[in-house]
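What follows draws every value from the coordinates through simple rules; no lab data is involved. Owing to the predicted nature of the structure, the values given are computational and were not obtained by experimental measurement. With ideal geometry, Cβ positions are generated from the backbone for all residues, glycine too; neighbour counts draw on all protein chains shown.
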Amino acid sequence: MLKFIVRRVVWTVPVILLVIFMTFMMMRQIKGNPFQVTERAVPVSIQRNLDRKYHLDKPWYVQYAYYVKGVATFDLGPSLVERNQTVNDKIKEHFPISLKLGLFAMTWAILIGIPLGIVAALKQNSIFDYATMAFVNAGYAVPNFLVATLLIYFFAVKWRDVTGFPTNGWGGWHSWILPALALGHAPMTLFARIVRGSMLETLQQDYIRTAKAKGLRWRRVVGVHVLRNSLIPAVTAAAPLLVTVLLSVMIIVANLVVDILYGYLDPRTRDART
């Protein structure tokens with residue numbers, strides 16, 4: 001398992017460098033002056049000093065080397081929108097809130113969506129299965145902004161005396177619940193659908209029939225054989241959902257984690273994914 005993880009990490013490095021190179025080249029194709037934030041022209045002497053300071057007077061491959069160095073050292077340069085602030089300052093200001101909100105949303109989506117899919121699959125064609133799938137399918141068709149609007153109207157306006165939820169802001173735990181529910185609504189329905197379908201397919205496999213024929217307890221069959229293999233599609237879907245609004249490098253890292261989890265959940269994939 002350790003060799004598998006090392007190989008995946010090594011192969012991730014050139015992919016990250018390729019993403020950085022593509023981002024760098026696309027930015028180079030944008031015409032104009034990055035320091036021209038007003039209609040007034042920047043004096044030539046100041047422009048030369050800026051070019052020299054930020055290595056814009058160097059060949060493109062030298063600029064790319066500085067660009068990679070900046071990304072590797074988390075030095076993303078000054079903000080071109082707000083004076084006296086760097087890009088790192090803006091990330092430090094906003095990223096913790098985005099990360100916390102994303103983790104809260106994904107946590108409740110996993111804790112609710114996966115158990116719903118498991119129980120619906122184990123009780124196929126039952127009233128619970130039909131009710132769950134009706135709820136999930138209806139919820140999947142409703143956009144997040146409508147869910148957020150309904151949550152604000154009922155829980156933060158109409159029933160505010162009971163719930164105490166605010167309509168805006170990001171302070172105590174009361175202000176976290178409604179945004180997390182709205183953001184995690186779509187992933188929750190997706191997890192339920194994926195896990196139910198994957199479990200129904202796994203339950204029809206020959207090795208499940210063999211395990212049942214050998215007299216293994218049904219809980220052990222479900223927990224060890226069915227559930228472990230059925231979670232692989234859910235793990236695949238979780239990575240891009242978790243970092244949808246983040247950088248491409250974060251997506252690559254998330255896919256690396258997914259590959260490692262693949263190797264843990266199904267050892268047969270270790271050789272196939274090297």
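Key figures
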{"item": "Between the range 173-190 and the range 192-224, the alpha-carbon center distance in angstrom", "result": "31"}
{"item": "Cut-off under 5 Å, modelled amide H: who pairs with residue 86 long-range", "result": "79"}
{"item": "Under 28 Å from the Cα of residue 100 - lysines, other chains or at least 8 residues apart", "result": "90, 92, 158"}
{"item": "Debye intensity ratio in log₁₀ form over the Cα atoms of the range 115-244, taken at each q of 0.10, 0.17, 0.18, 0.23 Å⁻¹", "result": "-0.45, -0.94, -0.99, -1.26"}
{"item": "Mean Cβ neighbour count within 10 Å, used as a protection proxy, ranking 44-53, 95-104 highest first", "result": "95-104, 44-53"}
{"item": "Approximate spin-label separation residue 88-residue 224, in nm, with each point projected 7 Å along Cα-to-Cβ", "result": "5.1"}
